[in-house]
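A quick write-up on the structure given underneath.
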Amino acid sequence: MYYTKIDKEKCIACGLCQLYAPTLYEYDQNGIAYTVKDDNKGLVPVEEKEINDFRKAYTSCPTGAILRSTTPFESEENNSK
Ligand code: SF4
């Protein structure tokens, strides 16, 4: 199982992730991507039927801005590292 979110600092608003995985990614008013289902918190798992789209988006991102993890991402407020 995968969780995903966008590293907004790395995103260059190229549009590929939303093209390949429209159920996972959307753009803010600046064209920067975020995850639709959890407002870029990375807490909602990618569904089985979305895995292929997710892989396409993940491997297509030119800047490596799409993050993935097998465990939920913590919100930044809780990330006290
Ligand atoms: S593919 Fe990468 S760089 Fe392009 S919009 Fe998505 S996250 Fe941003």
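Assorted remarks:
- Residue in the range 2-19 that is under 12 Å from the mean Cα position of the chain (by Cα), surrounded by fewer than 18 Cβ atoms within 10 Å (Cβ to Cβ) and acidic (Asp, Glu) present: yes
- Residue list for the range 27-63, restricted to those being surrounded by 16 or more Cβ atoms within 10 Å (Cβ to Cβ), under 23 Å from GLU74 (Cα atoms) and among the acidic types (Asp, Glu): ASP38, GLU50
Readers should treat all values here as calculations from the given coordinates under stated rules, not as data from a laboratory. Quick caveat: nothing in here was measured; it's all calculated off a predicted structure. Glycine gets a Cβ as well: all are built from the backbone with ideal geometry, and neighbour counts include every protein chain shown.
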